[in-house]
Amino acid sequence: MRPGQVGAVCPHSAAGLAGGMVAPSRRFWLFDAAWWPKADAAERVAQLAIAFFGLLVLSVALWLQPSPQGLGTHEQMGFAPCGFYVGTGVPCPACGMTTSFSLMVRARVVSAFATQPAGATIALVLMLMCVALPISAWKGRSWSLVLARLHVPFLLALLGLLMGLAWVYKIAVE
């Protein structure tokens with residue numbers, strides 16, 4: 001029985017070690033093959049599709065020229081200026097996201113984080129996903145168990161906190 005299957009004994013648990021299984025390697029869990037379940041064909045295709053669409057987003061960010069004002073880069077795609085900013089003079093929580101993405105794909109990391117810390121963080125995660133997902137599809141590894149173990153609701157709450165703090169920062173430097 002493979003790790004990740006229903007009824008499989010985790011090699012890292014006391015039951016797994018007592019049941020005659022070999023002790024896990026001392027490697028970090030993320031690189032331990034026994035920790036990752038196998039992906040079926042549909043999940044592998046989904047991983048490649050997500051990576052492809054991530055690359056599309058990053059390609060558009062590369063095509064756009066970052067706005068020197070730190071916001072408004074999205075207007076190059078035909079979108080209207082931020083209504084919240086126009087109406088109040090205060091940047092919205094997403095102001096500067098497109099600009100920070102455009103700066104990140106140009107490896108202007110400090111400028112990207114100074115422009116919009118949440119946008120730079122999301123762009124960095126997207127870049128990592130565009131590398132990790134094709135590799136895991138090629139290796140046939142599933143992300144479902146990894147995401148379950150990483151406690152996605154906690155990560156989403158952390159993302160919300162990051163967005164809130166980035167908004168406060170954006171207002172403070174405006």
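Please treat every number below as a calculation from the coordinates, not as lab data. Everything numeric in this text was worked out from a predicted model, so none of it was measured. In this analysis, Cβ positions are derived from the backbone assuming ideal geometry, glycine residues included, and neighbour counts consider all displayed protein chains.
Tell me, please, whether a residue that is under 17 Å from Met127 (Cβ atoms) and aliphatic (A, V, I, L, M) can be found in the range 86-103. The answer is yes, given that some residue of the range 86-103 is under 17 Å from Met127 (Cβ atoms) and aliphatic (A, V, I, L, M).
For the range 68-91, the set of residues classified as of a type in the set (Gly, Ala, Ser) and under 18 Å from Ala166 (Cα atoms) consists of Gly70, Gly72, Gly89, listed by residue number. Restricting attention to the range 123-174, the residues that are touching a Leu at 6+ places or on another chain (Cβ under 6 Å) and within 22 Å of Arg108 (Cα to Cα) total 1.
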